[in-house]
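Beneath this line is the structure, given in structure tokens, with notes to follow.
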Amino acid sequence: PFPVIADPESFSLNRAQIAYKNSDFAATLGRQRIILDDARFVGNVGWRQNEQTFDAARVKANLGSATIDQTYALKQHTIFGSQSPISDFEGDFIFTNVKVPFGNKFSVTAFRYEIDYDTRVLFSSITYGATAQGKIPVGAVTIGLKGTYAGESDTGANPNDFSADYYLAEGSLTWKGFTLRGQYEVLGSDGGLVAFQTPLATAHKFNGYADLFLVTPATGLQDTNVRLSKKVKVPGLAAGINVQFTYHDFQSDFGQIDYGDEFDWVVSTKIKGVALLAKYGDYNSNGFGPDTTRFTIQAGVSF
């Protein structure tokens, strides 16, 4: 009868890899963490107790100014741990990511992500897309711009014949430690029956910390959000305190459904090598899912 905290008791081998790296080439073989770009499509879900990892071979190479990142994986290990019936999924996972910088402030990244599950076939898909982003300094203000388009369609044994689009438009202003960001993100729907999905993403990072949209509803998702963040200097605390507030307005992509809205807060700092974080998400439903509040306190040590 209680809300799910998806961190079950588990004991498993999370990572075991062999790697080689020099200035222009890197190769990794084995069970490994894979984070591509901002983890919108492929990530490690790193804030959970157990990471998402892959049994994979990965190669990164610099060709001139471009960076090519190519992965083939045959198994996805989920965050749910070794005792879960969905502890892992087998299949063919092919990730291609090519990034080309233009000067020091702009870049374009093209990608192709193929997910062909053996059993989780409703999430088998091929996604093609590109992201352009950059920063423009104007006096004491830095303007950030980002745009992404991707198209997704079925593959493998997926019984659904579908195609759906993804759009992201983002702008930000940074001034004296303040950052104001506005974002419009669309995970499209094909006729209200099948929606654009990102089953390998660190989805918690994007559409509200209350986690109502980890799986995109069949009618799709339009997320209009505004974020204000500030690093506050504190005497005697070298890391300062990072404060972040985000407001989300959620609508469907098909059928003009008002899902609801959400307020999110994050406060974080670092004290003597210990990273501390408090996170709060408050989702107010307008008919999609229940009203949901999640509060998390987290501590992490790196060594």
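The values are calculated or read from the model by the stated rules, or taken from the named source; none is laboratory data. These numbers come from a predicted model, not from an experiment. Cβ: placed from backbone, ideal geometry, glycine included. Neighbour counts: every protein chain shown. Surface accessibility is based on the protein's heavy atoms, side chains included, excluding ligands, DNA and RNA. Shrake-Rupley method; radii C 1.70, N 1.55, O 1.52, S 1.80 Å.
The figures follow:
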{"quantity": "FRET E, pair residue 256, residue 11, Förster distance 51 Å, beta-carbon r, rounded to 0.05", "calculated": "0.60"}
{"quantity": "Vicinal HN-Hα couplings computed from phi for segment 218-232 (Karplus, 6.51 cos²θ - 1.76 cosθ + 1.60; Hz; Gly/Pro x)", "calculated": "4, 8, x, 8, 10, 10, 9, 9, 10, 10, 10, 9, 8, 9, 9"}
{"quantity": "Most to least accessible of 111, 263 (protein chains only, probe 1.4 Å)", "calculated": "263, 111"}
{"quantity": "Virtual paramagnetic centre 7 Å along Cα→Cβ of residue 33, amide N under 13 Å, in segment 268-303", "calculated": "300-303"}
{"quantity": "Intensity falloff of segment 38-120 expressed as log10 I(q)/I(0), Debye formula with alpha-carbon point scatterers, at q = 0.14, 0.16 Å⁻¹", "calculated": "-0.57, -0.71"}
{"quantity": "Ranking by accessible area, most exposed first, for 112, 58 with a 1.4 Å probe", "calculated": "112, 58"}
{"quantity": "Local net charge near residue 229, Cβ-Cβ under 12 Å (Lys/Arg +1, Asp/Glu -1)", "calculated": "+3"}
{"quantity": "Contour minus Cα-Cα distance for residue 247 and residue 92 (0.36 nm per residue)", "calculated": "52.1 nm"}
{"quantity": "Net length gained if the chain between residue 59 and residue 26 were fully extended (0.36 nm per residue, minus Cα distance)", "calculated": "11.3 nm"}
{"quantity": "Computed over the chain: relative contact order in percent, which uses C-alpha pairs under 8 Å that are six or more apart", "calculated": "9 percent"}
{"quantity": "Segment 115-274, relative contact order [Cα under 8 Å, separation at least 6], %", "calculated": "15 percent"}
{"quantity": "Volume per residue of the C-alpha convex hull in segment 128-209, rounded to whole Å³", "calculated": "108 Å³"}
{"quantity": "Accessible area in the full protein assembly, largest first, 1.4 Å probe, for 272, 146", "calculated": "272, 146"}
{"quantity": "Base-10 log of normalised Debye intensity for the chain (one unit scatterer per alpha-carbon) at q = 0.15 Å⁻¹", "calculated": "-1.53"}
{"quantity": "In Hz, Karplus ³J(HN,Hα) per residue of segment 177-194 (6.51, -1.76, 1.60; θ = phi - 60°; x = Gly, Pro)", "calculated": "x, 8, 10, 10, 10, x, 9, 10, 10, 10, 9, x, 10, 9, x, x, 9, 9"}
{"quantity": "Net charge contributed by nearby residues that have their C-beta within less than 10 Å of residue 186 (K/R +1, D/E -1)", "calculated": "-4"}
